[in-house]
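Here the structure is laid out as structure tokens; the discussion comes afterwards.
The values are calculated or read from the model by the stated rules, or taken from the named source; none is laboratory data. No experiment lies behind these values; they were computed from the predicted model shown. All Cβ positions, glycine included, derive from the backbone under ideal geometry; neighbour counts span all protein chains shown.
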Amino acid sequence: MRKKIVAGNWKMNKTLQEGLKFSNDLKEALKGKTVNCEVVVGTPFIHLSEVAKNFEGTVVHVAAQNIANKEKGAYTGEVSAAMVASTGANHVILGHSERRAYYHETAELLTEKVELALANDLTPIFCVGEVLEEREAGKHFDVVAAQIKDALFELSKEDFSKLIVAYEPVWAIGTGKTATADQAQEIHAFIRKTIADKYGEEVADNTSILYGGSCNAGNAKELFSNPDVDGGLIGGASLEADSFLPIIEAFN
């Protein structure tokens, strides 16, 4: 049975002190509650160690938002997979549309990052998705399939089965626009079929596919009710415990 997951992505927000306050607020909000999904919080690098320590013994896992594509060495300013793992974090967000757009991350680079993440026992949350022009031109299926195939299809079946996939319609991130529940289901089902065609039905059926695109307390339940939507990768609504908690509770 594949996991239901709600993951937050803080992006470049929160000082260390603000991050610790959030983790305390979320711990308090979850106290005594039954949580029917896995919860992941994606923080900037400087937060990882303290926030991971704060969430020890809870249902909350911690993710980095990126890693270097090198194991170690003279790469000033970079953070390796091993460094991230040493903080107590156990997930990493890779291939986010902002990394692709602003930092020109290629499929080849992302393959290297995924392999290093897996080698250091980090679970990659691998992001795919199309921009508005691609959606309007009817190219969204081709774009998403290429992003998956070009970066991930050299992986063994065993390694691919360790991944989480996140579909993010780039046109819906931070815009207030959201894919309809039907649009989300359609592309998630397509992603699952793309995986099945390469790795078989069992791997595809066990791969969690998250929706990431202006998901919030108001639409989470409808989105998550789709058979191929296994949760969300949440941006702005994950920055405060009060707005993140209702999305977690959408699985209740």
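If you go through the stretch 81-100 one residue at a time, how many are touching a residue at least 40 places away in the same chain (Cβ under 8 Å), more than 19 Å from Leu152 (Cβ to Cβ) and out of contact with any strand residue (DSSP E or B) (no Cβ under 6 Å at 6 or more places or on another chain)?
Kept after step one, since they are touching a residue at least 40 places away in the same chain (Cβ under 8 Å), are these residues of the stretch 81-100: 81, 88-89, 91, 93, 95-98.
Filter once more, keeping what is more than 19 Å from Leu152 (Cβ to Cβ): 88-89, 98.
This time we only want the ones that are out of contact with any strand residue (DSSP E or B) (no Cβ under 6 Å at 6 or more places or on another chain), so: 88, 98.
Matching residues across the stretch 81-100 total 2.
Where in the stretch 165-252 are there helices (runs of 4 or more DSSP H), lying fully within it, with 3 or more residues that are hydrophobic (A, V, I, L, M, F, W, C)? Working first, answer last.
Details: elements: 181-199, 201-205, 220-224, 241-248.
The qualifying helices (runs of 4 or more DSSP H) are 181-199, 220-224, 241-248.
So is Ala63 surrounded by 22 or more Cβ atoms within 10 Å (Cβ to Cβ) and part of a loop (DSSP other than H, G, I, E, B) or not?
On the way: surrounded by 22 or more Cβ atoms within 10 Å (Cβ to Cβ): yes; part of a loop (DSSP other than H, G, I, E, B): no.
Considered against the rule, which asks whether it is surrounded by 22 or more Cβ atoms within 10 Å (Cβ to Cβ) and part of a loop (DSSP other than H, G, I, E, B), Ala63 comes out as no.
Would you pick out the residues in the stretch 162-179 that are among the small types (Gly, Ala, Ser) and surrounded by 20 or more Cβ atoms within 10 Å (Cβ to Cβ)? Spell out the reasoning first.
Looking only at the stretch 162-179, we keep the residues that are among the small types (Gly, Ala, Ser), and these are 166, 172, 174, 176, 179.
Ala166, Ala172, Ala179 - these are the residues of the stretch 162-179 that are among the small types (Gly, Ala, Ser) and surrounded by 20 or more Cβ atoms within 10 Å (Cβ to Cβ).
Inside the stretch 204-216, can you point out the residues that are buried (at least 17 other Cβ atoms within 10 Å of the Cβ) and of a type outside the set (Ser, Thr, Tyr)? Before you say what the answer is, go through the steps one by one.
Going through the stretch 204-216, the residues buried (at least 17 other Cβ atoms within 10 Å of the Cβ) turn out to be 204, 207-216.
Result: Ala204, Ile209, Leu210, Gly212, Gly213, Cys215, Asn216.
State whether one or more residues within the stretch 2-17 are surrounded by fewer than 17 Cβ atoms within 10 Å (Cβ to Cβ), farther than 16 Å from Glu240 by Cα and within 21 Å of the chain's Cα centre (by Cα).
Restricting attention to the stretch 2-17, the residues satisfying the condition of being surrounded by fewer than 17 Cβ atoms within 10 Å (Cβ to Cβ) are 2-3, 12-13, 15-17.
Within this subset, residues satisfying the condition of being farther than 16 Å from Glu240 by Cα are 2-3.
Still in the running and within 21 Å of the chain's Cα centre (by Cα): 2-3.
Taking every residue of the stretch 2-17 in turn, at least one turns out to be surrounded by fewer than 17 Cβ atoms within 10 Å (Cβ to Cβ), farther than 16 Å from Glu240 by Cα and within 21 Å of the chain's Cα centre (by Cα).
Ala145: under 15 Å from Glu134 (Cβ atoms), under 19 Å from the mean Cα position of the chain (by Cα) and in a helix (DSSP H, G or I), yes or no?
Numbers: under 15 Å from Glu134 (Cβ atoms): yes; under 19 Å from the mean Cα position of the chain (by Cα): yes; in a helix (DSSP H, G or I): yes.
Criteria met by Ala145.
Residue-by-condition table, conditions (1) more than 21 Å from Glu130 (Cα to Cα); (2) at pLDDT below 95; (3) surrounded by fewer than 16 Cβ atoms within 10 Å (Cβ to Cβ):
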residue	(1), (2), (3)
Leu152	no, no, no
Phe160	yes, no, no
Ala181	no, yes, no
Ile187	no, no, no
Lys193	no, no, yes
Glu201	yes, no, yes
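What number goes with the only condition from (1) crowded, with 20+ Cβ neighbours inside 10 Å; (2) assigned to a helix (DSSP H, G or I); (3) without any contact (Cβ under 8 Å) to a residue 60 or more places away in the chain that Lys53 does not pass?
(1)
Scan (1) surrounded by fewer than 18 Cβ atoms within 10 Å (Cβ to Cβ); (2) among the hydrophobic types (A, V, I, L, M, F, W, C); (3) in contact with a helix residue (DSSP H, G or I) (Cβ under 6 Å, 6 or more places away or on another chain) for the single condition Ala101 breaks and write down its number.
(3)
Arg135 fails exactly one of the following numbered conditions: (1) among the charged types (D, E, K, R); (2) part of a loop (DSSP other than H, G, I, E, B); (3) surrounded by 14 or more Cβ atoms within 10 Å (Cβ to Cβ). What is the number of that condition?
Every condition holds for Arg135 apart from (2).
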